[in-house]
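Undergrad: Quick one: the structure is below, questions incoming.
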Amino acid sequence: MAMTPLEELRHSTAHVLATAVTRLWPEALLDIGPPTEAGFYYDFDLSHRFSEEDFPKIEAEMKKVIKENQPFTRREVSRAEARTFFEGKKQSYKIGRLADIPDSEAVSFYTNGEFTDLCAGTHVKSTGEIKAFKLLRLAGAYHRGDEKNKMLQRIYGTAFPTQAELDASLKAQEEALQRDHRKLGKELDLFLIDDEVGQGLVMWTPNGAIVRHEMQKFLTEELGKRGYEQVFTPHIGRLGLYRTSGHFPYYQESQYPPLVDRETMEKLTKEGCSCADLSNRISRGEIEGYLLKPMNCPMHIRIYASRPRSYRDLPIRLAEFGTVYRWEQSGELNGMTRVRGFTQDDAHLFCTEEQVAREVEGCLEMVRLVLTTLGIGDFRVRVGLRDPASDKYVGSKEGWDKAEKAVREAARKLGVKTSEEPGEAAFYGPKIDFVVKDVIGREWQLGTVQVDYNLPERFDLTYTGADNQKHRPVMIHRAPFGSLERFTGVLIEHFRGAFPVWLAPEQARFLPVNEQMVPYAEKCAEEFKAAGLRVSVDKKGDKLGAQIRRGQLEKVPFLLVCGNREAEAGQVAVRSREKGDEGAQGTASVKERILELAKLRR
């Protein structure tokens, strides 16, 4: 696939980075250096431990390479010639990458100056075309993303056609750094990920739990209005359930290893069965196993199948805040936005073919409501379709055609910017993903709706129609939030931790100007709490300026100052996050104002 001009520029800059590093550290072993959506990186195996203090030296050497205006030249070589070349330079990673190239494809080298890389291209004409670049950060990266392999050193950078574009990008990255949900989550005490518990497993602290509870409460209210019924299902199920659904083995590599019951384990241990043999026998179906559930849908299907259904019962809408588990590589984990255990606001609708269009439209409208209510109404819709050339999909062509027609039509009626992407469907059906743009312009994939003709077939689901005959229902999967963890991480960054009043862990804080004003502040706080508001009193004994500063850093929407004059008049001096100092106001009117903001979810 041909690269865009920006990808070519960044790919070329990655080669310049490798050129500079091998000039400075000739013993460096090189792996890969591709362009990325945000820039480029290159992976190195080197005894010298890079630090950001090395960046000025590396950048200076890169500038020399650019000033030399070295042409990028391509030549095709035989596999034997390529192997001999890299063996001579003791570049073992390149030899491994050479083996990845299919026999049907040509092997090509790209050379600039003294540096030659195994590369399919493409590149700019010469290093002199690189005008603006910057090295950004360091990271560890397992070779080929496999924890069993050696950890390499990855240098990330970015490049743009002009310095002005680079400066704008660096400014945006600095803003993103200030909004990083991992940083704010710690500062605001919203969530915790602890090595003793396990990487990728989120613990919601009291403050974060309030945010989560309010989101769940909001969605639960909407579910009730729209005819959903809530269910609860176990965190573990028999492996056979997921064989029938197709999740195992289709997604075996992204699931936790199967388990067996204690009696089976003791029996096999006595027989000398090794862990590897046990895993293989479970995978082959010779031994019944259990699986930490990677999806909620098979259990919802069993609830549907637990009793006879009539066309008069449909649509049936089953909803659950269901926790699922996926084995993500450690290098892919990222705070709350990429985790190993997460809770989906999941629902599965079972309906007739005639009801599909209306139900999908209802699901899409619900996702729109969720996004706009939470202040991220700038979004586009991505329709994921099957790739006809791939064999990863299950089900008949007829079923797929019907499902794809339904999602296309529903997306069209939503009236927002839409794109179609072949190959992005789930293995069982096409899907509609909502891609939202946050306040600084970054895109995040959040809510999803999927139409599925295949799982009802695999589980032999039926309902009795008006003709008294058995018919197959259609299944719709939908999750407006996607997952509570990822959605909350995005919200933290979108709001920079300053949640709207209805979501804020603490909606107002009373600030007594001296110790004598603490009883008055506590009396006001009790009145606000009795009305259902989340408030506190700052009793740390600091001066008022320090109390205000602390409240601002902790993103409290309303700071309510309690002094002698305010106490005598039954007032508080209001400082709001939005308007600053608003002067003295009656406690009753302030209370009603905050209640109204919380009620309207503005």
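Undergrad: Check every one of the helices (runs of 4 or more DSSP H) wholly within the stretch 1-92 and list those with 2 or more residues that are within 16 Å of Tyr156 (Cα to Cα) and either in the same structural domain as Tyr156 (by TED's automatic domain parsing) or in contact with a strand residue (DSSP E or B) (Cβ under 6 Å, 6 or more places away or on another chain) (or both).
TA: Output list reads 5-24, 55-67.
Undergrad: Within the stretch 369-397, which residues are assigned to a helix (DSSP H, G or I) and in contact with a Phe, Trp or Tyr (Cβ under 8 Å, 6 or more places away or on another chain)? Before the answer, list the steps.
TA: Residues of the stretch 369-397 assigned to a helix (DSSP H, G or I): 369-373, 397.
Answer for the stretch 369-397, where residues must be assigned to a helix (DSSP H, G or I) and in contact with a Phe, Trp or Tyr (Cβ under 8 Å, 6 or more places away or on another chain): Val370, Leu371, Thr373.
Undergrad: From the list Arg262, Arg309, exactly one residue is of a type outside the set (Phe, Trp, Tyr), crowded, with 16+ Cβ neighbours inside 10 Å and not assigned by TED's automatic domain parsing to the domain that holds Asp146. Which is it? Outline the logic, then answer.
TA: Values: Arg262 fails: crowded, with 16+ Cβ neighbours inside 10 Å.
Result: Arg309 is the single residue among Arg262, Arg309 that is of a type outside the set (Phe, Trp, Tyr), crowded, with 16+ Cβ neighbours inside 10 Å and not assigned by TED's automatic domain parsing to the domain that holds Asp146.
Undergrad: I want to confirm something. Restricting to the stretch 187-200 and keeping residues that are surrounded by 15 or more Cβ atoms within 10 Å (Cβ to Cβ) and out of contact with any Lys or Arg (no Cβ under 6 Å at 6 or more places or on another chain), which single residue is farthest from Gly331 (Cα to Cα)?
TA: Initial filter on the stretch 187-200 (surrounded by 15 or more Cβ atoms within 10 Å (Cβ to Cβ)): 188, 190-191, 193, 200.
Then drop every residue that is not out of contact with any Lys or Arg (no Cβ under 6 Å at 6 or more places or on another chain), which leaves 188, 190-191, 193.
On the way: Leu188: 25, Leu190: 23, Phe191: 20, Ile193: 15 Å.
Looking at residues that are surrounded by 15 or more Cβ atoms within 10 Å (Cβ to Cβ) and out of contact with any Lys or Arg (no Cβ under 6 Å at 6 or more places or on another chain), I get Leu188.
Undergrad: Can you pull out the residues in the stretch 306-324 that are assigned to a loop (DSSP other than H, G, I, E, B) and under 10 Å from Thr352 (Cα atoms)? Quick ask: steps written out before the conclusion?
TA: Within the stretch 306-324, the first condition is being assigned to a loop (DSSP other than H, G, I, E, B), and the residues that meet it are 306-309, 314-315.
Selection gives Leu314, Pro315.
Undergrad: Identify the single condition in (1) buried (at least 16 other Cβ atoms within 10 Å of the Cβ); (2) assigned by TED's automatic domain parsing to the domain that holds Asp43; (3) of a type outside the set (Gly, Ala, Ser) that Leu170 does not satisfy, given that it satisfies every other one.
TA: It is condition (1) that Leu170 fails.
Undergrad: Of the numbered conditions (1) of a type in the set (D, E, K, R); (2) out of contact with any helix residue (DSSP H, G or I) (no Cβ under 7 Å at 6 or more places or on another chain); (3) assigned to a strand (DSSP E or B), Asp345 satisfies every one except a single condition; which is it?
TA: (2)
Undergrad: Out of all the residues in the stretch 331-351, which are surrounded by fewer than 17 Cβ atoms within 10 Å (Cβ to Cβ) and of a type in the set (S, T, N, Q)?
TA: Asn334
Conditions (1) of a type outside the set (A, V, I, L, M); (2) under 25 Å from Arg340 (Cβ atoms); (3) more than 22 Å from the chain's Cα centre (by Cα), marked per residue:
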position: Thr162; (1), (2), (3): yes, no, yes
position: Ala172; (1), (2), (3): no, no, no
position: Glu196; (1), (2), (3): yes, yes, yes
position: Gln199; (1), (2), (3): yes, yes, no
position: Val202; (1), (2), (3): no, yes, no
position: Val211; (1), (2), (3): no, yes, no
position: Lys225; (1), (2), (3): yes, no, yes
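Undergrad: Here is a further query. Can you list the strands (runs of 3 or more DSSP E) lying wholly within the stretch 104-153 that have 2 or more residues being in the same structural domain as Pro35 (by TED's automatic domain parsing) and under 31 Å from the mean Cα position of the chain (by Cα)? Don't jump to the end; show me each part of the working.
TA: Working: elements: 107-112, 115-118, 132-142.
Correct list: 132-142.
Undergrad: Out of everything in the stretch 383-394 that is buried (at least 20 other Cβ atoms within 10 Å of the Cβ) and not aliphatic (A, V, I, L, M), what residue ends up being modelled with the highest pLDDT?
TA: Gly384
Undergrad: May I pose another question? Out of the residues in the stretch 54-90 that are of a type in the set (Gly, Ala, Ser) and more than 16 Å from Glu105 (Cα to Cα), state the one that is farthest from the chain's Cα centre (by Cα). Reasoning before the result, please.
TA: First pass over the stretch 54-90, keeping only residues of a type in the set (Gly, Ala, Ser): 60, 78, 80, 82, 88.
If we keep only those that are more than 16 Å from Glu105 (Cα to Cα) as well, we get 60, 88.
On the way: Ala60: 36, Gly88: 43 Å.
Per the stated criteria, the residue is Gly88.
Undergrad: Within the stretch 446-550, considering only strands (runs of 3 or more DSSP E) that don't extend past its boundaries, which have at least 1 residues that are touching a residue at least 60 places away in the same chain (Cβ under 8 Å) and β-branched (Val, Ile, Thr)? Explain how you work it out, then say what you get.
TA: Details: elements: 474-479, 508-512, 535-537.
So the answer is 474-479.
Undergrad: Going through the stretch 411-430 one residue at a time, which ones are touching a Leu at 6+ places or on another chain (Cβ under 9 Å) and under 12 Å from Gly384 (Cα atoms)? Explain how you work it out, then say what you get.
TA: Going residue by residue through the stretch 411-430, those that are touching a Leu at 6+ places or on another chain (Cβ under 9 Å) are 411, 413-414, 420-425, 428-430.
Residues satisfying the conditions are Ala411, Glu420, Glu421, Pro422, Gly423, Glu424, Ala425, Tyr428, Gly429, Pro430.
Undergrad: Taking the criterion of being more than 17 Å from Tyr453 (Cα to Cα) and touching a Leu at 6+ places or on another chain (Cβ under 8 Å), would at least one residue in the stretch 378-398 satisfy it?
TA: Looking for residues that are more than 17 Å from Tyr453 (Cα to Cα) and touching a Leu at 6+ places or on another chain (Cβ under 8 Å), one finds at least one in the stretch 378-398, hence yes.
Undergrad: What are the pairs with Cβ atoms under 7 angstrom where one residue, in the stretch 310-331, is within 17 Å of Met295 (Cα to Cα) and free of Cβ contacts under 8 Å to residues at least 40 places away in the same chain and the other, located anywhere, is among the hydroxyl-bearing types (Ser, Thr, Tyr) and in a helix (DSSP H, G or I)? Sequence gap at least six, or different chains.
TA: As it stands, the answer is none, since no pair meets every condition given.
Undergrad: Looking at the stretch 198-256, which of its residues are polar (S, T, N, Q) and more than 13 Å from Met299 (Cβ to Cβ)?
TA: Step one: filter the stretch 198-256 for residues polar (S, T, N, Q), giving 199, 205, 207, 216, 220, 230, 233, 244-245, 252, 254-255.
Of everything in the stretch 198-256, those that are polar (S, T, N, Q) and more than 13 Å from Met299 (Cβ to Cβ) turn out to be Gln199, Thr205, Asn207, Gln216, Thr220, Gln230, Gln252, Ser254, Gln255.
Undergrad: Let me ask something else. Just one of (1) modelled with pLDDT of 95 or more; (2) buried (at least 17 other Cβ atoms within 10 Å of the Cβ); (3) not assigned by TED's automatic domain parsing to the domain that holds Tyr325 trips up Gly246, so point out which.
TA: Answer for Gly246: the failing condition is (1).
Undergrad: Restricting attention to the stretch 443-463, which residues are among the hydroxyl-bearing types (Ser, Thr, Tyr) and at pLDDT below 90? Even if it seems obvious, please write down each step before you answer.
TA: Our first condition is that a residue be among the hydroxyl-bearing types (Ser, Thr, Tyr); within the stretch 443-463, this holds for 448, 453, 462-463.
The answer is Thr448, Tyr453.
The values are calculated or read from the model by the stated rules, or taken from the named source; none is laboratory data. Please read these numbers as outputs of a predicted model, since none were measured by experiment. Neighbour counts run over all protein chains shown; Cβ positions are idealised from the backbone, glycine included.
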